[in-house]
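To start, the structure under review is shown below, and the notes come after it.
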Amino acid sequence: MQDPIRKIFLAFIQIHILHHAEKSPIYGSWMIDELKHHGYSISSGTLYPILHNMEKTKLLTSQKKTINGKIRKYYSITQEGKNTLKQAKNKINELQAEI
């Protein structure tokens with residue numbers, strides 16, 4: 001993927017993550033499958049740094065849970081994440097109407 005397009009798609013992925021985390025907590029492998037469903041080919045080596053960065057910037061928060069003997073990290077949206085998602089949706093709608 002070309003670098004300028006990659007940057008745009010990474011922003012779309014972050015918005016997609018916020019969208020689903022607003023509905024219910026998400027975890028990495030589920031998100032990879034969800035993104036594949038929408039035509040994104042993303043590896044765990046790409047997704048997990050995105051999730052960690054979104055947690056670092058307080059868009060997401062995480063909680064570890066043990067599922068079938070394995071520790072799984074669930075990500076939930078924060079209030080800052082909700083505000084960011086709302087702003088992104090407004091900008092997307094504005095852009096979509098223009099183009």
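Values quoted throughout were computed directly from the atomic coordinates according to the rules given, and no laboratory measurement underlies them. Keep in mind that this is a model prediction, so the values were computed, not measured. FYI the Cβ positions are ideal-geometry reconstructions off the backbone, even for glycines, and counts take in every protein chain you see.
Details
- At R0 = 22 Å, FRET efficiency that the Cβ-Cβ distance of Asn93 and Glu34 yields, to 0.05: 0.50
- Computed over all pairs of different Cα atoms, the Kirkwood value for the hydrodynamic radius of the chain is 14.2 Å.
- Net length available on complete extension from Ser41 to Ser24 is 3.9 nm, with 0.36 nm assigned per residue and the Cα-Cα distance removed.
- Between Thr57 and any residue 5 or more places off or on another chain, the built amide H atoms are never under 5 Å apart.
- Note, ³J(HN,Hα) from phi for segment 82-90, Karplus 6.51, -1.76, 1.60, rounded to Hz, x at Gly and Pro: 4, 5, 5, 4, 4, 4, 5, 4, 4
- In the chain, a dipole from Cβ-located charges (positive for Lys and Arg, negative for Asp and Glu) runs towards its positive end, and of Ile67, Ala11, His52 it is Ile67 whose Cα lies farthest in that direction.
- Segment 48-99 and segment 24-41: distance between their alpha carbon centers, rounded to Å: 12
- Close amide H partners of Tyr27, meaning residues 5 or more places away or on another chain with modelled amide H under 5 Å apart, are Tyr75.
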